[in-house]
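In what follows, a structure is listed as structure tokens, so that the remarks can point back to it.
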Amino acid sequence: MMKFIAALILTVLSGYASCLFLPWWSIAIAAFVIAFIIKQKPGWAFVSAFLGLFFLWAVLSYTISSNNAHVLASKISLLILKVKNVIALILLTGFIGGLVAGMAALSGSLLRKIIWSNKV
């Protein structure tokens, strides 16, 4: 359980820091590296990265959107979702970030498993 929490916190911190200087997809690299370093089962690596980046991107998108009273987010949700629902757009944003990070963490965990199983 401690590895899960440590992986979750490290994924959030490294994902936030990497997005400050690098493109958005750098969260995948951060999640991959964290899952490769911290030994977890592949399913738990996916869940920890998914939850970490889901909450990070949801909170960041809500914060950014609330700075302009959700005007842009309501127009984008009307364009993409065909419904004027800001919360659904924020949850969709978090889901996409979580899915990208989760798949990267799953890849990192499986690569670690392959490398360590060949050495022993």
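The values are calculated or read from the model by the stated rules, or taken from the named source; none is laboratory data. Note that the structure is predicted; figures quoted are calculated from it, not measured. Using ideal geometry, Cβ is built from the backbone for each residue, glycine included, and neighbour counts are taken over all protein chains shown. Only protein heavy atoms, including side chains, enter the accessible area calculation; ligands, DNA and RNA are left aside. Shrake-Rupley method; radii C 1.70, N 1.55, O 1.52, S 1.80 Å.
Structure above, values below:
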| quantity | calculated |
| --- | --- |
| Of the criteria (1) out of contact with any Ser or Thr (no Cβ under 7 Å at 6 or more places or on another chain); (2) in contact (Cβ under 8 Å) with a residue 40 or more places away in the chain, which one Ala69 fails | (2) |
| Candidates Phe36, Phe54, Phe50, filtered to the one that is farther than 21 Å from Leu92 by Cα and in contact with a Gly (Cβ under 8 Å, 6 or more places away or on another chain) | Phe36 |
| Number of the condition not met by Ser26 [criteria: (1) in contact (Cβ under 8 Å) with a residue 40 or more places away in the chain; (2) within 22 Å of Phe4 (Cα to Cα); (3) not acidic (Asp, Glu)] | (1) |
| Within region 19-51, tally of residues that are assigned to a helix (DSSP H, G or I) and of a type in the set (S, T, N, Q) | 2 |
| Filtered residues of region 61-73 (kept if part of a helix (DSSP H, G or I) and open to solvent by less than 60 Å² (accessible area, probe 1.4 Å)) | Ser61, Ser65, Ser66, Ala73 |
| Criterion: farther than 20 Å from Ala28 by Cβ and either part of a helix (DSSP H, G or I) or open to solvent by less than 70 Å² (accessible area, probe 1.4 Å) (or both) - qualifying residue of Leu79, Leu99, Leu92, Leu111 | Leu79 |
| Those residues of region 1-46 which are surrounded by 17 or more Cβ atoms within 10 Å (Cβ to Cβ), more than 17 Å from Lys113 (Cβ to Cβ) and touching a Ser or Thr at 6+ places or on another chain (Cβ under 6 Å), in sequence order | Leu8, Ser18, Ala30 |
